[in-house]
Amino acid sequence: MEKEASSSSDVSASHVGRVRNRKRPNEVMTDGNKANGQTLLVSDRNKYKSMLIRTYSTVWMIGGFAFLVYMGHLYIWAMVVVIQIFMATELFNLLRKSSEEKQLPGFRLLNWHFFFTAMLFTYGRFLSRELVNTVSSDHLLYKLVSGLIKYQMFICYFLYISGFVWFILTLKKKTYKYQFKQYAWTHMILLTVFAQSSFTVANIFEGMFWFLLPASLIVINDIAAYLFGFFLGRTPLIKLSPKKTWEGFIGASVTTIISAFLLANAMGRFQWFTCPRKDLSTGWLQCDPGPMFNPEHYYLGDWAPHWFPWKDVFLMPVQWHALALGLFASIIAPFGGFFASGFKRAFKIKDFGDSIPGHGGITDRMDCQMVMAVFAYIYHQSFISPHNFSVDAILDQILRNLTYEEQRNLYEQLGEMLGNLCKADKLSACL
């Protein structure tokens, strides 16, 4: 009995010892190169293999993007639409349950009904003027498009209400919770993803410069943060993204701001980037770039040290605005990535998808771009675009609110007024 007692006590003691050995969380965190239990890039043994895959994908993406920029505004718009569809697909799949959807035939189609209704509403508001300018040469098509634009809001509202009724009619007793969760999830996707990324298209047609520069700054910031963190990263930045470091964040910020100043000067020299696109054609553009893109002379004088060779420099006013875009891209836009990281942690997933090797899904690459696109649009409308009435703004109101006959009557009255002015004042412009 004593032997059995002693042996049992030894077993229990050894068991307690094993249990106690397991409860040592400090052992996991003693390594200074780890954050939240995950190894930083600077200490990752597989980092070079990961970097090779990531670089390969990045080169292909940049090459394809450069080709679309060369092709023109319409092709970039098509690219944005494809990206939005891929993002919606990845996000719709996060909360899908096959066991529930087997009982709900056609329920997935309802998600896409809301998606394309939102697409029709958003792009109809952004691109109405460009669409009318494209079909202005065809009388019948012009009347049709003008009518659609005039009643576009009603059409979109009718489509949304039909989807709402469709949703109510498909409710089933055992799947109420799942269906309402999907309904709310669909609207969240449309609000936080689709609505934000749609500002990208508005930037494209304001002048490719206002799309290309912000998008390039996000890419530069992402690559610089990865490289600085890859070689120098030691200090964890935020718990939501364990592999992000302060070294990467600071190095990327400096690189992005300098790049913004230089890229604005380089892009501002090409009318293909600076001219707004006023229709949906793909032809070459020619326009007056405006004062923003006209170089101004600056004499540095005593401000520059004696060894500095350039005392006279020529800078575009838009370069100073580019600094604001660079500052936002380096300081605020990364929080879009942090938001996505927290989102993925909430759903316990590593990436939103696997469509891009080394990067994850499309949504993983577009998180910061969405935040940047909204800021670029608002900044352009607030500080760049003229606030007074313009010919384009007045034409847009005419197209939206007047019928074809009313527009024709207005054109005839303007012609008579100009004719009377020419007769009375003998204006040289009438000759």
Sorted list, accessible surface of protein heavy atoms, 1.4 Å probe, largest first, for Val80, Val59 is Val59, Val80
Segment Trp246-Asp288, extension gain: residue separation times 0.36 nm, minus the distance between their alpha carbons: 10.8 nm
Rounded to a whole %, the carbon-and-sulfur portion of the accessible area of segment 336-409 at a 1.4 Å probe is 60
If one takes the longest principal axis of the Cα atoms in the chain, at what angle in degrees, from 0 to 90 and to the nearest 10, does the Cα axis of helix 2-22 lie? 20
Would you grab the residues whose amide H sits under 5 Å from the one on Ile238? Only those 5+ places off in sequence or on another chain, please, with H modelled 1.01 Å from N. Lys244
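Quick one: longest stretch of the chain between exposed loop trypsin sites (Lys or Arg not before Pro), exposed meaning at most 10 other C-beta atoms within 10 Å and loop per DSSP?
Looking at the chain, 103-347 is the longest stretch - no exposed trypsin sites (Lys or Arg not before Pro) with at most 10 other Cβ atoms within 10 Å.
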Please state, rounded to one decimal and in Å, the Kirkwood hydrodynamic radius that segment 248-310 gives when every pair of distinct Cα atoms enters the mean of 1/r. 15.1
Using a probe of 1.4 angstrom, how much of the accessible area of segment 90-152 is carbon and sulfur, in percent? 62
Normalised per residue, the volume of the convex hull around the Cα set of segment 292-338 (Å³): 101
In Å, the Kirkwood estimate of hydrodynamic radius for segment 149-270 over Cα pairs equals 18.7
What list of ³J(HN,Hα) values in whole Hz, one per residue of segment 263-271 in order, does the Karplus curve 6.51 cos²θ - 1.76 cosθ + 1.60 (θ = phi - 60°) give from phi, with Gly and Pro shown as x? 5, 4, 5, 5, 6, x, 7, 10, 5
Explain nothing, just the number: dipole magnitude of the chain about its Cα centre with +1 on each Lys and Arg Cβ and -1 on each Asp and Glu Cβ, in debye rounded to the nearest 20. 2140
Spin-label model distance (nm) - Phe116 vs Tyr75, 7 Å beyond Cα toward Cβ: 2.6
If each of Leu410 and Ser355 carries a label point 7 Å out from its Cα toward its Cβ, how far apart are those two points in nm? 4.1
What's the longest uninterrupted piece of the chain once you rule out the chymotrypsin sites (Phe, Trp or Tyr not before Pro) that are loop residues per DSSP with at most 13 other Cβ within 10 Å? 1-150
If you find the alpha carbon centre of segment 161-232 and of segment 328-345, how far apart are they in angstrom? 13
At 1.4 Å probe size, with every protein chain present, just tell me what the per residue accessible area of segment 162-208 comes to in Å². 48
For the pairs Lys49/Lys239; Lys97/Lys243; Lys97/Lys174; Lys97/Lys350, note any where the Cα-Cα span goes beyond 22 Å. Lys49/Lys239; Lys97/Lys243
Take the solvent-accessible surface of the protein heavy atoms, probe 1.4 Å, and return the percent of it on segment 159-303 that carbon and sulfur atoms account for. 69
Per-residue [θ]222 nm for the chain (sum of -39500 (n - 2.57) over DSSP H runs n ≥ 4, rounded to 500): -22000 deg cm²/dmol
With just the Cα atoms of segment 72-123, tell me how far they stretch along each of the three principal axes, in Å, largest first. 45, 19, 12
Going residue by residue through segment 241-254, the Karplus relation 6.51 cos²θ - 1.76 cosθ + 1.60 with θ = phi - 60° gives ³J(HN,Hα) values, rounded to whole Hz and with x marking Gly or Pro, of 10, x, 8, 7, 10, 5, 4, x, 5, 5, x, 5, 5, 5
Take the Cβ-Cβ distance between Ser162 and Gln103 as r, set R0 to 35 Å, and report the resulting FRET efficiency rounded to the nearest 0.05. 0.95
When the convex hull of its Cα atoms is projected in every direction, mean area for segment 112-193 (nm²): 6.2
Quick one: pull the percentage of alpha-carbon pairs in the chain with a separation above 32 Å. 54
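The values are calculated or read from the model by the stated rules, or taken from the named source; none is laboratory data. Not measured: the values here are computed from a predicted model. Neighbour counts run over all protein chains shown; Cβ positions are idealised from the backbone, glycine included. Calculation scope for accessible area: heavy atoms of the full protein, side chains included, ligands and nucleic acids excluded. Shrake-Rupley method; radii C 1.70, N 1.55, O 1.52, S 1.80 Å.
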